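**Student:** Quick one: structure below, then a few questions.
The values are calculated or read from the model by the stated rules, or taken from the named source; none is laboratory data. All of these numbers come straight from a predicted model, not from anything done at the bench. Positions of Cβ are generated from backbone atoms using ideal geometry, with glycine treated the same way; all protein chains shown enter the neighbour counts.
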Amino acid sequence: MYWSAHSEFPAEDLEPVARHLPGGRGRRAELEKAEDAQPVYHLLGGLEVDEECLQRARFLSAGGYAEVYSVASKSGSRAIAMKQLRGTVDFKHVQREVKVISHLPSSELVVKFHGYSIRGPHSRCQVSLFFELVDFGSLATLIPPRRDALASEMIRFIIHQVNQGLAFLHKFLVHHRDVKPGNVLVTQTGLCKLADFGLSKIAGGSTSQTHSNIGTGTQEYLAPEALETLRYSLSSDIWAMGCLFQWLLTGRGPFEEYRFPIFPMMKHMEALRSGIINFAGPPLPSAFQFPSDQAASYRSQCFTFDSKNRPKANVLLQHKYFDHLDREHESARFCQFLMGS
Ligand SMILES: Nc1ncnc2c1ncn2[C@@H]1O[C@H](COP(=O)(O)OP(=O)(O)OP(=O)(O)O)[C@@H](O)[C@H]1O
Ligand SMILES: [Mg+2]
(Lines give C-alpha, C1' and ligand atoms only; values in the text may rest on other atoms or scores of the structure.)
(Ligands and ions follow the chains in the order given, each with its own letter.)
Protein backbone atom coordinates (compact mmCIF):
# COMPACT_ATOMS: atom_id res chain seq x y z
CA MET A 1 0.00 0.00 0.00
CA TYR A 2 1.27 3.49 -0.67
CA TRP A 3 -0.05 6.95 -0.07
CA SER A 4 0.37 9.01 -3.18
CA ALA A 5 1.37 12.61 -3.69
CA HIS A 6 -0.31 15.71 -2.31
CA SER A 7 0.42 19.26 -3.27
CA GLU A 8 0.05 20.11 0.45
CA PHE A 9 0.08 18.08 3.59
CA PRO A 10 -3.41 17.28 4.81
CA ALA A 11 -4.46 19.44 7.74
CA GLU A 12 -4.98 16.43 9.98
CA ASP A 13 -2.22 14.25 8.70
CA LEU A 14 -3.52 10.93 9.85
CA GLU A 15 -7.21 11.45 9.28
CA PRO A 16 -7.07 11.29 5.47
CA VAL A 17 -5.02 8.11 5.66
CA ALA A 18 -7.69 6.50 7.82
CA ARG A 19 -10.40 7.74 5.47
CA HIS A 20 -8.72 6.20 2.46
CA LEU A 21 -8.19 2.86 4.09
CA PRO A 22 -10.90 0.25 3.73
CA GLY A 23 -12.74 0.22 7.04
CA GLY A 24 -12.01 3.91 8.00
CA ARG A 25 -11.35 4.64 11.69
CA GLY A 26 -11.58 1.00 12.74
CA ARG A 27 -8.92 0.21 10.21
CA ARG A 28 -6.73 2.97 11.61
CA ALA A 29 -6.90 1.45 15.06
CA GLU A 30 -5.92 -1.84 13.49
CA LEU A 31 -3.06 -0.18 11.70
CA GLU A 32 -1.85 1.39 14.92
CA LYS A 33 -1.71 -2.00 16.55
CA ALA A 34 0.00 -3.74 13.69
CA GLU A 35 3.65 -4.18 14.43
CA ASP A 36 4.43 -4.94 10.81
CA ALA A 37 2.24 -2.21 9.26
CA GLN A 38 3.40 -0.95 5.88
CA PRO A 39 4.72 2.59 5.74
CA VAL A 40 2.27 5.36 4.92
CA TYR A 41 3.71 8.04 2.63
CA HIS A 42 3.06 11.76 2.67
CA LEU A 43 4.87 13.22 -0.31
CA LEU A 44 4.81 16.63 -1.89
CA GLY A 45 4.91 17.77 -5.48
CA GLY A 46 3.69 14.77 -7.48
CA LEU A 47 6.21 12.28 -6.11
CA GLU A 48 5.24 8.66 -5.64
CA VAL A 49 7.25 6.07 -3.76
CA ASP A 50 6.30 2.50 -2.97
CA GLU A 51 7.87 -0.65 -1.56
CA GLU A 52 9.42 -1.58 -4.89
CA CYS A 53 11.23 1.76 -5.01
CA LEU A 54 12.57 1.06 -1.54
CA GLN A 55 13.82 -2.37 -2.53
CA ARG A 56 15.95 -0.71 -5.19
CA ALA A 57 17.21 1.98 -2.79
CA ARG A 58 20.98 2.55 -2.75
CA PHE A 59 22.68 3.07 0.59
CA LEU A 60 24.60 6.35 0.66
CA SER A 61 25.81 6.99 4.17
CA ALA A 62 25.05 6.71 7.87
CA GLY A 63 24.98 9.61 10.29
CA GLY A 64 24.54 9.78 14.02
CA TYR A 65 20.81 9.18 13.97
CA ALA A 66 19.89 8.01 10.47
CA GLU A 67 20.82 5.98 7.43
CA VAL A 68 20.63 7.82 4.14
CA TYR A 69 19.61 6.15 0.85
CA SER A 70 19.14 7.24 -2.73
CA VAL A 71 15.68 6.21 -3.93
CA ALA A 72 14.19 6.46 -7.44
CA SER A 73 10.58 7.63 -7.47
CA LYS A 74 7.87 5.30 -8.78
CA SER A 75 7.94 6.82 -12.25
CA GLY A 76 11.72 6.44 -12.19
CA SER A 77 12.08 10.05 -13.25
CA ARG A 78 13.48 11.43 -9.99
CA ALA A 79 16.08 10.32 -7.50
CA ILE A 80 15.55 11.55 -3.97
CA ALA A 81 17.32 11.06 -0.66
CA MET A 82 15.61 9.05 2.05
CA LYS A 83 16.73 9.51 5.66
CA GLN A 84 15.62 6.59 7.71
CA LEU A 85 15.71 7.61 11.36
CA ARG A 86 17.02 4.96 13.69
CA GLY A 87 14.75 3.93 16.52
CA THR A 88 11.25 5.20 16.99
CA VAL A 89 9.65 8.57 17.67
CA ASP A 90 6.30 9.94 18.75
CA PHE A 91 4.48 10.94 15.58
CA LYS A 92 2.97 14.07 17.17
CA HIS A 93 6.48 15.36 17.69
CA VAL A 94 7.46 14.72 14.06
CA GLN A 95 4.25 16.21 12.71
CA ARG A 96 4.92 19.63 14.24
CA GLU A 97 8.39 19.87 12.73
CA VAL A 98 7.57 18.57 9.26
CA LYS A 99 4.61 20.90 8.96
CA VAL A 100 6.91 23.87 9.34
CA ILE A 101 9.53 22.74 6.86
CA SER A 102 7.04 21.47 4.29
CA HIS A 103 5.60 24.94 3.92
CA LEU A 104 8.91 26.62 3.14
CA PRO A 105 9.21 28.07 -0.35
CA SER A 106 12.16 26.70 -2.26
CA SER A 107 15.62 28.18 -2.19
CA GLU A 108 18.69 26.91 -4.00
CA LEU A 109 20.63 27.22 -0.74
CA VAL A 110 18.53 24.84 1.34
CA VAL A 111 17.93 21.15 0.63
CA LYS A 112 14.33 20.73 -0.47
CA PHE A 113 12.05 18.64 1.73
CA HIS A 114 9.86 16.21 -0.23
CA GLY A 115 7.86 14.60 2.56
CA TYR A 116 7.95 11.66 4.93
CA SER A 117 6.65 8.20 5.66
CA ILE A 118 5.66 6.64 8.95
CA ARG A 119 5.32 3.05 9.96
CA GLY A 120 3.87 1.47 13.06
CA PRO A 121 1.91 2.86 16.00
CA HIS A 122 1.94 6.66 16.24
CA SER A 123 3.29 6.80 19.73
CA ARG A 124 6.46 5.01 18.60
CA CYS A 125 6.67 4.98 14.83
CA GLN A 126 9.55 4.57 12.44
CA VAL A 127 10.04 7.65 10.32
CA SER A 128 11.70 8.22 6.96
CA LEU A 129 12.20 11.72 5.59
CA PHE A 130 12.54 12.46 1.88
CA PHE A 131 14.74 15.22 0.51
CA GLU A 132 16.29 16.57 -2.61
CA LEU A 133 19.26 14.35 -3.40
CA VAL A 134 22.60 16.15 -3.16
CA ASP A 135 25.03 13.27 -3.36
CA PHE A 136 28.29 14.96 -4.27
CA GLY A 137 29.29 15.30 -0.62
CA SER A 138 29.21 17.65 2.34
CA LEU A 139 31.74 20.24 3.50
CA ALA A 140 32.83 17.63 6.06
CA THR A 141 33.83 15.15 3.37
CA LEU A 142 34.93 17.49 0.57
CA ILE A 143 37.06 20.07 2.35
CA PRO A 144 39.53 18.12 4.55
CA PRO A 145 41.23 16.13 1.73
CA ARG A 146 41.97 19.37 -0.18
CA ARG A 147 42.36 21.77 2.71
CA ASP A 148 45.75 23.03 1.52
CA ALA A 149 44.16 24.25 -1.68
CA LEU A 150 41.29 26.04 0.09
CA ALA A 151 41.93 29.72 -0.63
CA SER A 152 40.57 32.29 1.82
CA GLU A 153 38.38 33.71 -0.97
CA MET A 154 36.69 30.32 -1.27
CA ILE A 155 36.02 30.30 2.46
CA ARG A 156 34.36 33.66 2.07
CA PHE A 157 32.28 32.31 -0.82
CA ILE A 158 31.20 29.23 1.19
CA ILE A 159 30.28 31.06 4.38
CA HIS A 160 28.41 33.68 2.38
CA GLN A 161 26.18 30.92 0.99
CA VAL A 162 25.67 29.40 4.44
CA ASN A 163 24.81 32.85 5.78
CA GLN A 164 22.34 33.34 2.92
CA GLY A 165 20.76 29.93 3.56
CA LEU A 166 20.34 30.81 7.24
CA ALA A 167 18.90 34.23 6.42
CA PHE A 168 16.34 32.45 4.24
CA LEU A 169 15.37 29.96 6.98
CA HIS A 170 15.24 32.67 9.63
CA LYS A 171 13.02 34.84 7.45
CA PHE A 172 10.45 32.04 7.81
CA LEU A 173 11.32 31.64 11.49
CA VAL A 174 12.80 28.19 10.92
CA HIS A 175 15.67 27.34 13.28
CA HIS A 176 18.31 25.17 11.72
CA ARG A 177 19.49 23.75 15.07
CA ASP A 178 22.43 21.79 13.68
CA VAL A 179 24.64 23.98 11.50
CA LYS A 180 27.93 22.09 10.98
CA PRO A 181 30.12 20.92 8.08
CA GLY A 182 28.26 17.59 7.67
CA ASN A 183 24.99 19.45 7.21
CA VAL A 184 26.15 21.65 4.36
CA LEU A 185 25.75 19.61 1.19
CA VAL A 186 27.63 20.71 -1.90
CA THR A 187 26.63 20.36 -5.55
CA GLN A 188 29.05 19.86 -8.41
CA THR A 189 28.25 23.41 -9.46
CA GLY A 190 29.53 24.74 -6.14
CA LEU A 191 26.23 25.45 -4.40
CA CYS A 192 26.35 24.95 -0.63
CA LYS A 193 22.95 23.81 0.60
CA LEU A 194 21.84 23.66 4.20
CA ALA A 195 20.52 20.21 5.11
CA ASP A 196 18.79 18.77 8.15
CA PHE A 197 17.21 21.99 9.39
CA GLY A 198 14.95 21.40 12.34
CA LEU A 199 15.59 17.69 12.30
CA SER A 200 17.79 17.34 15.34
CA LYS A 201 14.64 18.08 17.31
CA ILE A 202 12.90 15.09 15.75
CA ALA A 203 15.92 12.84 16.06
CA GLY A 204 16.53 14.00 19.63
CA GLY A 205 13.30 12.21 20.50
CA SER A 206 14.45 8.98 18.89
CA THR A 207 16.00 6.11 20.73
CA SER A 208 19.39 6.57 19.03
CA GLN A 209 22.25 6.12 21.47
CA THR A 210 25.01 7.36 19.24
CA HIS A 211 24.03 10.87 18.37
CA SER A 212 25.98 13.54 20.22
CA ASN A 213 22.93 15.66 20.46
CA ILE A 214 20.68 16.97 23.22
CA GLY A 215 17.79 17.26 20.80
CA THR A 216 19.02 20.66 19.65
CA GLY A 217 22.25 20.38 17.75
CA THR A 218 25.78 19.08 18.00
CA GLN A 219 27.33 19.92 21.36
CA GLU A 220 30.52 21.63 20.27
CA TYR A 221 28.53 23.95 18.04
CA LEU A 222 26.01 24.94 20.69
CA ALA A 223 25.82 28.57 21.71
CA PRO A 224 26.35 29.42 25.41
CA GLU A 225 22.67 30.30 25.95
CA ALA A 226 21.56 27.00 24.36
CA LEU A 227 23.92 25.10 26.64
CA GLU A 228 22.87 26.90 29.75
CA THR A 229 19.12 26.95 29.25
CA LEU A 230 18.75 24.10 26.73
CA ARG A 231 16.64 26.61 24.79
CA TYR A 232 17.57 27.24 21.22
CA SER A 233 16.92 30.52 19.38
CA LEU A 234 17.57 31.77 15.87
CA SER A 235 20.67 33.50 17.30
CA SER A 236 22.04 30.13 18.39
CA ASP A 237 22.26 29.21 14.68
CA ILE A 238 24.49 32.27 14.20
CA TRP A 239 26.90 31.03 16.89
CA ALA A 240 27.00 27.62 15.18
CA MET A 241 27.72 29.35 11.86
CA GLY A 242 30.64 31.06 13.61
CA CYS A 243 31.92 27.60 14.61
CA LEU A 244 31.57 26.42 11.01
CA PHE A 245 33.45 29.52 9.84
CA GLN A 246 36.22 28.80 12.34
CA TRP A 247 36.40 25.20 11.10
CA LEU A 248 36.80 26.48 7.53
CA LEU A 249 39.50 28.93 8.59
CA THR A 250 41.51 26.65 10.88
CA GLY A 251 40.67 23.10 9.81
CA ARG A 252 39.79 22.33 13.43
CA GLY A 253 36.45 21.95 15.11
CA PRO A 254 35.66 24.14 18.11
CA PHE A 255 37.20 22.75 21.32
CA GLU A 256 39.05 20.00 19.47
CA GLU A 257 42.07 20.51 21.71
CA TYR A 258 40.06 20.30 24.92
CA ARG A 259 39.90 16.57 25.24
CA PHE A 260 38.85 16.27 28.86
CA PRO A 261 38.16 12.66 29.74
CA ILE A 262 34.56 13.43 30.64
CA PHE A 263 31.24 13.46 28.86
CA PRO A 264 31.56 16.00 26.02
CA MET A 265 28.66 18.10 27.24
CA MET A 266 30.46 18.59 30.55
CA LYS A 267 33.62 19.48 28.68
CA HIS A 268 31.77 22.22 26.88
CA MET A 269 30.05 23.46 30.06
CA GLU A 270 33.39 23.44 31.82
CA ALA A 271 34.87 25.55 29.03
CA LEU A 272 31.96 27.95 29.34
CA ARG A 273 32.28 28.30 33.12
CA SER A 274 36.03 28.66 33.09
CA GLY A 275 35.80 31.42 30.49
CA ILE A 276 37.49 29.44 27.69
CA ILE A 277 34.39 30.25 25.67
CA ASN A 278 33.70 33.84 26.32
CA PHE A 279 33.26 37.02 24.40
CA ALA A 280 35.83 35.83 21.89
CA GLY A 281 34.13 32.48 21.10
CA PRO A 282 35.90 29.11 20.96
CA PRO A 283 39.71 29.33 21.20
CA LEU A 284 41.79 29.70 18.04
CA PRO A 285 45.01 27.72 17.41
CA SER A 286 47.93 29.73 18.81
CA ALA A 287 49.69 30.45 15.51
CA PHE A 288 46.52 31.22 13.64
CA GLN A 289 46.27 34.38 11.54
CA PHE A 290 43.09 35.73 9.99
CA PRO A 291 43.15 36.31 6.24
CA SER A 292 41.82 39.84 6.86
CA ASP A 293 40.56 42.16 9.61
CA GLN A 294 37.08 41.82 8.10
CA ALA A 295 37.21 38.04 8.52
CA ALA A 296 38.19 38.49 12.18
CA SER A 297 35.39 40.99 12.68
CA TYR A 298 32.79 38.73 11.02
CA ARG A 299 33.84 35.84 13.26
CA SER A 300 33.60 37.91 16.42
CA GLN A 301 30.14 39.16 15.41
CA CYS A 302 28.98 35.53 15.12
CA PHE A 303 30.42 34.87 18.58
CA THR A 304 28.69 37.79 20.30
CA PHE A 305 28.28 36.22 23.72
CA ASP A 306 24.92 37.73 24.60
CA SER A 307 22.42 36.20 22.17
CA LYS A 308 20.22 39.31 22.36
CA ASN A 309 23.03 41.39 20.86
CA ARG A 310 24.20 38.80 18.34
CA PRO A 311 23.52 40.12 14.82
CA LYS A 312 20.76 38.51 12.80
CA ALA A 313 21.59 36.51 9.65
CA ASN A 314 20.32 39.18 7.27
CA VAL A 315 22.37 41.85 9.08
CA LEU A 316 25.52 39.72 8.87
CA LEU A 317 25.05 39.41 5.12
CA GLN A 318 25.74 43.14 4.95
CA HIS A 319 29.04 42.76 6.84
CA LYS A 320 32.01 44.39 5.14
CA TYR A 321 33.70 40.97 4.99
CA PHE A 322 31.42 40.27 2.01
CA ASP A 323 32.16 43.54 0.21
CA HIS A 324 33.19 43.05 -3.42
CA LEU A 325 32.57 39.29 -3.35
CA ASP A 326 32.64 38.22 -6.99
CA ARG A 327 30.27 35.27 -6.81
CA GLU A 328 30.67 34.15 -10.38
CA HIS A 329 34.43 34.13 -10.22
CA GLU A 330 34.53 32.41 -6.82
CA SER A 331 31.95 29.86 -7.90
CA ALA A 332 34.18 28.88 -10.83
CA ARG A 333 37.22 28.65 -8.54
CA PHE A 334 35.31 26.59 -5.99
CA CYS A 335 34.18 24.17 -8.74
CA GLN A 336 37.80 23.72 -9.81
CA PHE A 337 38.72 23.07 -6.19
CA LEU A 338 35.95 20.47 -5.90
CA MET A 339 37.14 18.72 -9.04
CA GLY A 340 40.62 18.59 -7.57
CA SER A 341 42.22 20.71 -10.26
N1 LIG B 1 19.79 15.07 0.96
C2 LIG B 1 20.88 14.33 0.90
N3 LIG B 1 21.36 13.92 -0.31
C4 LIG B 1 22.48 13.17 -0.38
N5 LIG B 1 23.21 12.78 0.69
C6 LIG B 1 22.79 13.14 1.90
C7 LIG B 1 21.60 13.92 2.09
N8 LIG B 1 21.45 14.14 3.42
C9 LIG B 1 22.49 13.51 4.01
N10 LIG B 1 23.28 12.92 3.11
C11 LIG B 1 24.52 12.17 3.35
O12 LIG B 1 24.34 11.26 4.39
C13 LIG B 1 25.30 11.48 5.42
C14 LIG B 1 24.67 11.19 6.75
O15 LIG B 1 23.70 12.17 6.95
P16 LIG B 1 23.17 12.51 8.39
O17 LIG B 1 22.49 13.81 8.28
O18 LIG B 1 22.39 11.36 8.89
O19 LIG B 1 24.44 12.60 9.26
P20 LIG B 1 25.47 13.76 9.51
O21 LIG B 1 24.85 15.09 9.20
O22 LIG B 1 26.75 13.45 8.78
O23 LIG B 1 25.75 13.62 11.02
P24 LIG B 1 24.73 13.72 12.23
O25 LIG B 1 23.86 12.54 12.19
O26 LIG B 1 25.60 13.73 13.43
O27 LIG B 1 23.95 14.98 12.03
C28 LIG B 1 25.73 12.93 5.28
O29 LIG B 1 27.02 13.14 5.74
C30 LIG B 1 25.63 13.14 3.79
O31 LIG B 1 26.83 12.76 3.15
MG1 LIG C 1 23.15 15.66 8.59
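**Student:** For segment 128-152, enumerate the residues that are on the phi < 0 side of the Ramachandran plot, part of a loop (DSSP other than H, G, I, E, B) and within 16 Å of ligand 1 (Cβ to nearest atom).
**Tutor:** Narrowing segment 128-152 to residues on the phi < 0 side of the Ramachandran plot: 128-136, 138-152.
Still in the running and part of a loop (DSSP other than H, G, I, E, B): 133-136, 143, 150-151.
The answer is Leu133, Val134, Asp135, Phe136, Ile143.
**Student:** Follow-up. Give Thr216, Thr207 a once-over and let me know the one that is at pLDDT below 90, part of a loop (DSSP other than H, G, I, E, B), more than 14 Å from ligand 1 (Cβ to nearest atom) and more than 26 Å from Met339 (Cβ to Cβ).
**Tutor:** Result of the check over Thr216, Thr207: Thr207.
**Student:** Please determine, by comparing only the residues of segment 56-91 that are at pLDDT below 85 and of a type in the set (S, T, N, Q), which one is farthest from ligand 1 (Cβ to nearest atom).
**Tutor:** Here the answer is Ser75.
**Student:** Moving on. Do any residues in segment 115-144 that are under 15 Å from Val71 (Cβ atoms) have Cβ atoms under 8 Å from those of residues that are among the charged types (D, E, K, R) and within 16 Å of ligand 2 (Cβ to nearest atom), where the two are at least six apart or on different chains, and which pairs are they?
**Tutor:** From residues that are under 15 Å from Val71 (Cβ atoms), the pairs are Ser128/Lys83; Leu129/Lys83; Phe130/Lys83; Phe131/Lys83; Phe131/Lys112; Glu132/Lys112; Glu132/Lys193; Val134/Lys193.
**Student:** Further, regarding this structure: Checking the condition within 13 Å of ligand 1 (Cβ to nearest atom), surrounded by 19 or more Cβ atoms within 10 Å (Cβ to Cβ) and not small (Gly, Ala, Ser), which residue from Val94, Val111 passes?
**Tutor:** Residue meeting the stated conditions: Val111.
**Student:** Cβ-Cβ below 6 Å, separation at least six or inter-chain, first residue in segment 99-111 and touching a residue at least 40 places away in the same chain (Cβ under 8 Å), second part of a helix (DSSP H, G or I) and away from ligand 2 (no atom under 16 Å from the Cβ): which pairs?
**Tutor:** Ser107/Phe168; Leu109/Gln161; Leu109/Gln164
**Student:** Based on what the data block shows, is Phe113 in the same structural domain as Leu47 (by TED's automatic domain parsing), modelled with pLDDT under 95, within 12 Å of the chain's Cα centre (by Cα) and more than 30 Å from Ser292 (Cα to Cα)?
**Tutor:** Considered against the rule, which asks whether it is in the same structural domain as Leu47 (by TED's automatic domain parsing), modelled with pLDDT under 95, within 12 Å of the chain's Cα centre (by Cα) and more than 30 Å from Ser292 (Cα to Cα), Phe113 comes out as yes.
**Student:** Looking at Ala29, Ala11 in this structure, which one is surrounded by fewer than 14 Cβ atoms within 10 Å (Cβ to Cβ), in a loop (DSSP other than H, G, I, E, B) and either modelled with pLDDT under 60 or touching a strand residue (DSSP E or B) at 6+ places or on another chain (Cβ under 9 Å) (or both)?
**Tutor:** Exactly one of Ala29, Ala11 is surrounded by fewer than 14 Cβ atoms within 10 Å (Cβ to Cβ), in a loop (DSSP other than H, G, I, E, B) and either modelled with pLDDT under 60 or touching a strand residue (DSSP E or B) at 6+ places or on another chain (Cβ under 9 Å) (or both), namely Ala11.
**Student:** Same structure again: Got at least one residue in segment 95-103 being more than 20 Å from the chain's Cα centre (by Cα) and away from ligand 2 (no atom under 15 Å from the Cβ)?
**Tutor:** No.
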